[in-house]
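Undergrad: Here's a structure for you.
The values are calculated or read from the model by the stated rules, or taken from the named source; none is laboratory data. This structure is a prediction, so every number in the text was calculated from the model and none was measured. Note: ideal-geometry Cβ built from the backbone for every residue, glycine included; neighbour counts use all protein chains shown.
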Amino acid sequence: METAPDWEWDKMRPWSKAVFRKDHRLAVAVVATVARPRELYAQAIADRLGLEQAEVRGHLRDFEAAGLLKKSEEKGPVSGAGGRPAALYARTEDEFWTCLAKLGDRFRR
């Protein structure tokens, strides 16, 4: 996965808030756009962006509800002793992801 310093997150936040009504939705979506299949789960994205896992999980669920993501049959890593495996997602073939990659480029360093 590309690293967080590849984008200017602070410049992205007001744009995300204005368009998506959420401070971090655009950032989560941009990271989901470049994530490799085994990296597309809430904790990996939360770690990359310095966000809470619960917030990222909510964004991923919203993308799933919109038909932009689907749950993968594979399971992600287990967090902590006795924890459940992370839900891995896969991007759908929606053109949203192509458009989002172009939008994300506005905020690249």
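Undergrad: Please go through the stretch 65-109 and pick out each residue that is surrounded by 16 or more Cβ atoms within 10 Å (Cβ to Cβ), of a type outside the set (Phe, Trp, Tyr) and part of a loop (DSSP other than H, G, I, E, B).
TA: Hit for the stretch 65-109 is 68, nothing else.
Undergrad: I'd like the full set of residues that are among the charged types (D, E, K, R) and free of Cβ contacts under 8 Å to residues at least 12 places away in the same chain, limited to the stretch 67-105.
TA: 73, 84, 93, 95, 102, 105
Undergrad: Continuing with the same structure: Against the condition at pLDDT below 95, of a type outside the set (Gly, Ala, Ser) and closer than 23 Å to residue 95 by Cβ, how does residue 39 come out, does it pass? Break it down into steps so the answer makes sense when it comes.
TA: Numbers: at pLDDT below 95: yes; of a type outside the set (Gly, Ala, Ser): yes; closer than 23 Å to residue 95 by Cβ: yes.
Yes; evaluated as a whole, the condition is true for this residue.
Undergrad: Within the set of pairs 6+ apart or on separate chains, which have a first residue in the stretch 21-32 that is without any contact (Cβ under 8 Å) to a residue 12 or more places away in the chain, a second that is basic (Lys, Arg), and C-beta atoms under 6 Å apart?
TA: Once the first residue is without any contact (Cβ under 8 Å) to a residue 12 or more places away in the chain and sits in the stretch 21-32, its partners that are basic (Lys, Arg) give 23/13; 23/17.
Undergrad: Of everything in the stretch 6-63, what is in contact with a strand residue (DSSP E or B) (Cβ under 9 Å, 6 or more places away or on another chain), under 19 Å from residue 77 (Cβ atoms) and not in a helix (DSSP H, G or I)? Give them in sequence order.
TA: Within the stretch 6-63, 35, 40, 41 qualify.
Undergrad: Continuing with this model, one more query. Output the residues belonging to the stretch 41-66 that are touching a Ser or Thr at 6+ places or on another chain (Cβ under 8 Å) and closer than 20 Å to residue 16 by Cα.
TA: 48
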